[in-house]
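Structure first, then comments.
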Amino acid sequence: MSGSRGPLPKPVALRALEGNAGKRPLDLAAGVNPRIEIPSPPKHLGIEAKKEWKRITPLLEELGLISGLDRAALALYCQAAGRLAELEMAFNGKVQAKVDGGMDYADAVYEASYATTPSGYAQQSVIVQLIGKHREQLNRYLMHFGLSPAARGRVQASNYVQPTLPGIDPKPETKPQGFAMFTNPNR
């Protein structure tokens, strides 16, 4: 087993919202705060993975949860989501073919899910095994970006603030994003 034990620490901004029960000073600027931007998608992404990239990146940018540093991690997530979608479509195609052949839907799902071994035992089909593995993998990637209800409290948005130059007004997209909008009254 790798990693640290116990629950992940709460983001500073979440502790501030909950009332800072420990009364310790909170430094909202602490941690790594990369510039919020959507990285370019890698060329190796499949069709379904590219669709997921286009769907998820604007949402992550809006929440302040993406930067140029996240390209590889996001590619892994999108590729896993794309492959899962492709496997699910292939499985549904197998089931539909059996239904079109006159089989009851429940029987068609069972027939597509299991194969009989030469010794007569029912064995889960390869496609169902792959779907299960990709679902587990996708769930792990969802946790990294806070894309599941359980993971949202464990991610912290970047509070990167674009530096301003003297005499130049900041553009609307350079105003504080994510949890940077909160100020520390102890400073």
field: Residue pairs meeting the criteria (Cβ under 8 Å; at least 6 apart or on separate chains; first touching a residue at least 40 places away in the same chain (Cβ under 8 Å), in region 88-104; second surrounded by 11 or more Cβ atoms within 10 Å (Cβ to Cβ) and in a helix (DSSP H, G or I))
entry: Glu88/Ile131; Phe91/Ala112; Phe91/Ile127; Phe91/Val128; Phe91/Ile131
Residues that are closer than 11 Å to Phe145 by Cβ and in contact with a helix residue (DSSP H, G or I) (Cβ under 6 Å, 6 or more places away or on another chain), drawn from region 61-72: Ile66
- request: Could you list, in sequence order, all residues of region 137-154 that are of a type in the set (Lys, Arg) and at pLDDT below 75?
  value: Arg152, Arg154
query: Do any residues in region 62-82 that are in a helix (DSSP H, G or I) and open to solvent by 70 Å² or more (accessible area, probe 1.4 Å) have Cβ atoms under 7 Å from those of residues that are of a type in the set (A, V, I, L, M) and at pLDDT below 95, where the two are at least six apart or on different chains, and which pairs are they?
result: Leu63/Ala157
- prompt: If you go through region 35-60 one residue at a time, how many are open to solvent by less than 70 Å² (accessible area, probe 1.4 Å) and either within 14 Å of the chain's Cα centre (by Cα) or over 16 Å from Gly146 (Cα atoms) (or both)?
  reply: 15
message: Gln129 - would you say it is of a type outside the set (A, V, I, L, M), buried (at least 16 other Cβ atoms within 10 Å of the Cβ) and not in a loop (DSSP other than H, G, I, E, B)?
response: no
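The values are calculated or read from the model by the stated rules, or taken from the named source; none is laboratory data. A quick note: this is a predicted structure, and the numbers were derived from the prediction, not measured. Note that each Cβ is placed from the backbone with ideal geometry, even for glycine, and that neighbours are counted across all protein chains shown. Surface areas here come from the heavy atoms of the whole protein model, side chains and all, with no ligands, DNA or RNA. Shrake-Rupley method; radii C 1.70, N 1.55, O 1.52, S 1.80 Å.
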